[in-house]
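Q: Can you read through this structure? Questions will come right after.
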Amino acid sequence: MATKVLMEALSPTMEEGRLVKWLKHEGDPIKSGDVLAEVETDKAVMELVARGEGVLRKQLANEGDSSAVGTLLGVVAAPDEDISALVKGAEPTPVPSDNTQQPLGKPADAGDVIAKAKEFEGVTSIPTAARQSQGEASTPPQEQERRGHQRIDTSAHHAEGNGSATPSGRPRSSPLARRLASERGIDLNALRGSGPGGRIVKRDIEQAPAAAAIATAPRTARVGDYRDIPLTQMRKTIAKRLGESIGPIPTFYLTVEFDLTRVAELREAMIAQGAEYKVSFNDIIIKATATALAQHPEVNAHWTGDAIRQFNRVHIGMAVAVEEGLITPVIFDANEKGLSDIAAEARELAGRARERRLKPEEYTGSTFSVSNLGMFGIDQFTAIINPPEAGILAIGAVEEKPVVVDGDLVIRKRLRVTMSCDHRVIDGATGAKFLQTLRRLIENPLMLVF
């Protein structure tokens with residue numbers, strides 16, 4: 001019995017996927033569970049497996065094609081089985097002869113995106129003159145000329161005594177005359193108009209001497225002026241989900257500055273114990289955030305539309321920048337893990353995130369998120385809430401600053417943190433109390449190791 005190969009929902013938020021590579025070819029024998037193809041979802045590159053046995057009789061999608069979930073990609077059937085009814089109307093679009101699709105056998109990566117983008121570099125926009133004439137093109141020339149005369153007659157009274165030029169110095173002309181002049185490369189400044197008030201009309205263009213033709217070509221955008229970057233599945237999802245955040249969510253921001261001197265001392269002490277104890281500032285912040293959230297479940301919450309869901313467990317989404325955008329792998333039960341465990345898990349998840357090899361269960365289920373741009377030298381920023389979460393922390397760079405401590409001016413390591421809060425879940429005082437707890441933990445980091 002024939003089996004349809006469909007574009008499956010390979011992640012919780014996937015609505016469409018891109019066929020990266022066929023791993024089986026037409027005519028190949030197929031067993032249930034065989035990997036047929038690689039598919040780029042909104043978050044990762046996943047394997048599409050066979051749900052039946054037989055022969056891969058037909059491939060109905062080209063490598064590089066994006067298809068909605070549920071789209072028929074191929075058919076697995078017995079060698080002599082009639083599949084014409086299944087494939088009818090679902091034939092793939094032929095690949096162009098110059099084959100600008102992705103190279104066979106190569107997974108989607110940044111190089112693919114850049115190569116795809118180069119396809120668009122030669123595209124030019126509609127010439128300015130053409131855009132100006134679009135409205136005229138749908139109107140018969142005689143009517144355009146008549147309208148031009150009507151406008152001339154009206155404006156001539158106001159322009160009486162002002163000559164045949166506009167206030168900007170350009171010669172007066174009818175819209176049709178301007179379009180014809182643009183198409184023929186004629187400089188209007190070289191003509192004397194025969195219309196009312198000296199306006200240049202159609203016949204002036206038609207009778208223009210060759211000398212009036214300007215040598216320059218119509219202005220168009222040139223290759224290299226811009227480039228269009230095709231949207232990856234990840235970028236589409238980022239645009240959609242975060243567009244749902246900054247608009248509908250009533251967000252307010254709380255910014256604090258922490259003293260990181262003791263955190264730096266703790267970090268140096270741990271690193272001195274060996275590579276297995278090496279931790280980053282971000283690892284310590286994740287641990288402190290998770291510990292604080294366990295004490296403030298009103299912040300460790302989601303907005304569900306008809307309820308506020310407070311979580312008893314703390315799962316931290318850790319924003320990781322990748323070539324195509326960003327993804328938030330999750331450190332589950334982060335409040336219960338040691339600093340070195342969090343450090344090892346964070347490094348491992350971030351590495352696989354950059355390789356697009358995370359499983360859906362590894363980047364879904366966070367209860368709160370942390371985004372850190374300090375490594376890029378960003379002192380302070382505001383992060384966009386990842387719904388349905390109620391908050392996110394934006395971590396800036398650690399820097400040395402002069403501050404007053406007990407009446408003395410000293411140099412201390414400082415860190416600015418901004419919390420984005422969904423006001424439907426978190427009130428100002430609620431967020432402030434959470435940040436107070438976070439400050440106590442970060443400025444006294446020994447509390448994190450017990």
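The values are calculated or read from the model by the stated rules, or taken from the named source; none is laboratory data. It should be emphasised that the depicted structure is a prediction, and the values quoted were computed from it without experimental measurement. Here Cβ is always computed from backbone atoms with ideal geometry, including for glycine, and neighbour counts include all displayed protein chains. In case anyone asks, the SASA skips ligands and DNA or RNA and just uses the protein heavy atoms, side chains included. Shrake-Rupley method; radii C 1.70, N 1.55, O 1.52, S 1.80 Å.
Q: Could you work out how far apart the two model spin labels at residue 268 and residue 306 are, taking each label as a point 7 Å from the Cα in the direction of the beta carbon, and quote it in nm?
A: 5.7 nm
Q: Related question: Put a dot 7 Å past each Cα toward the Cβ at residue 241 and residue 436; how far apart are the dots in nm?
A: 3.3 nm
Q: How big is the gap, in Å, between the Cα center of the stretch 63-87 and the Cα center of the stretch 363-411?
A: The stretch 63-87 and the stretch 363-411 have Cα centres spaced 49 Å from each other.
Q: Could you compute the FRET efficiency for residue 23 and residue 333, with r as their C-beta to C-beta distance and R0 at 45 Å, rounded to 0.05?
A: 0.80
Q: Just read off the accessible area of residue 304 with the full protein assembly in place, 1.4 Å probe, to the nearest 10 Å².
A: 60 Å²
Q: Quick check: with the 1.4 Å probe, what order do 349, 188, 373 take by accessible area, largest first?
A: Result, largest first: 373, 188, 349.
Q: Sticking with this structure for a sec: Could I have the simple spin-label model distance between residue 81 and residue 404, label points 7 Å from Cα toward Cβ, reported in nm to one decimal?
A: So the two model labels end up 8.2 nm from each other.
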